[in-house]
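Accompanying notes for the structure given below.
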Amino acid sequence: MPERIGKRTIVINNKVCIRAAAGIAGHKEAEGPLGQYFDRTYSDDKLGQNSWEKAESQLQTDAAKLAVEKSGLKSSDIDVMLAGDLLNQCISSTFGLRSLDIPFLGQFGACSTMAQTLLISSLFCDSGACRRALAVTSSHFCSAERQFRLPIEYGGQRTPTAQWTVTGAGAAVIDSSGEDSFIKGVTIGKITDLKIKDANNMGAAMAPAAADTILSFLQDTGCSAKDFDLILTGDLGYVGSELLIGLLKKEGIDISQNHNDCGKLIFDRKGQDVHAGGSGCGCCGSVFCSYIINKIKKGELKNILFAATGALMSPTSSQQGESIPGIAHLLHITAK
């Protein structure tokens, strides 16, 4: 059974593992540094659909089916799936996964959704509420631009702090018993709001939440930042990553040597004109479920923290002058 330690961290006592995972991506992502590591990439970002939103739903369909296939299971072997995305009412998840015939819990954690779905899935499996769960998320550059900013046809100029929403998806099968890729503990994030209102500077909005959650995990467990091969955040990008390092240094914690961010890994900043890096649910979803999980399963990464971050805003809240609150959920994952 899960066991709470400290204020916010929950230890997973059984051998809950990431049995299999799949990360898929669009053509721009395929041209980046991680192109060879994705399980599947697409040259047509519409994936044969007639709208960007339907294309994003197809991303979820493909990622979920591929993860289940890689696990050696069938859809009927999965007890529950948890999924979410950036679009209003999480329509990418609803319409993308409706054909799988698996009990469904919709999630919204913005760009932290990959960590949120993994976190809840692991607690379900450890508690005995289910044997196996499927965690899924996605984003699409064009559907996100249409909802949150301006239609891409407008061609508006992007600021240096802006990030490029990833066209991609990630899916992972969580099993109540396994032999590697163990989820050892989780820390649930708190809503953190420093009153940042610039929708083109998500890294600054989310970095305080990442710092708060990582700090809480270290305090709850008594671990040191140096204990981990990698402290990976989800789409803070270049601006947010620098802010995170600075915020933790003020607390006496140095992660500068073992920190990286999915928003920095997925694109070639100089060659691909992505300004401050990648973002979107599909950013950490596709990177973690392909590049990172493969390194864990091969033993190249043996002890990591994965803290995906999200900006809890909507077009409505921004238009009403609200700030952009942040959230970050964390998982402690070991190879064996």
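The values are calculated or read from the model by the stated rules, or taken from the named source; none is laboratory data. Everything quoted here is computed from the prediction, not taken from an experiment. Virtual Cβ from ideal backbone geometry, glycine too; neighbours counted across all protein chains shown.
Residues of the range 205-238 being of a type in the set (S, T, N, Q) and not in a helix (DSSP H, G or I), which ones?
If the condition is that a residue be of a type in the set (S, T, N, Q) and not in a helix (DSSP H, G or I), then Ser224, Thr233 are the ones that fit.
Please tell me if Gly168 is under 30 Å from Glu31 (Cα atoms) and either exposed (fewer than 15 other Cβ atoms within 10 Å of the Cβ) or assigned by TED's automatic domain parsing to the domain that holds Phe38 (or both).
yes
Just give me the residues in the range 12-52 being crowded, with 21+ Cβ neighbours inside 10 Å and at pLDDT below 95, in sequence order.
Hit for the range 12-52 is Trp52, nothing else.
Only one residue in Phe124, Phe108, Phe104, Phe95 is of a type outside the set (S, T, N, Q) and closer than 22 Å to Val287 by Cα, so which one is that?
Every option except Phe108 fails the conditions.
In the range 290-336, which residues are buried (at least 18 other Cβ atoms within 10 Å of the Cβ) and hydroxyl-bearing (Ser, Thr, Tyr)?
Ser290, Tyr291, Thr309, Thr334
How about the range 199-238: which of its residues are out of contact with any strand residue (DSSP E or B) (no Cβ under 7 Å at 6 or more places or on another chain) and either without any contact (Cβ under 8 Å) to a residue 40 or more places away in the chain or closer than 22 Å to Lys295 by Cβ (or both)?
Residues satisfying the conditions are Leu215, Leu218, Gly222, Cys223, Ser224, Lys226, Tyr238.
Go through (1) over 14 Å from Gly285 (Cα atoms); (2) of a type outside the set (S, T, N, Q); (3) out of contact with any helix residue (DSSP H, G or I) (no Cβ under 6 Å at 6 or more places or on another chain) one by one and return the number of the condition Gly26 breaks.
Failing condition for Gly26: (1).
Kindly evaluate Asp85 against the criterion of being in contact with a helix residue (DSSP H, G or I) (Cβ under 6 Å, 6 or more places away or on another chain) and among the charged types (D, E, K, R).
yes
Quick one: count up the residues across the range 76-107 that are in a strand (DSSP E or B) and either in contact with a Cys (Cβ under 6 Å, 6 or more places away or on another chain) or at positive phi (or both).
3
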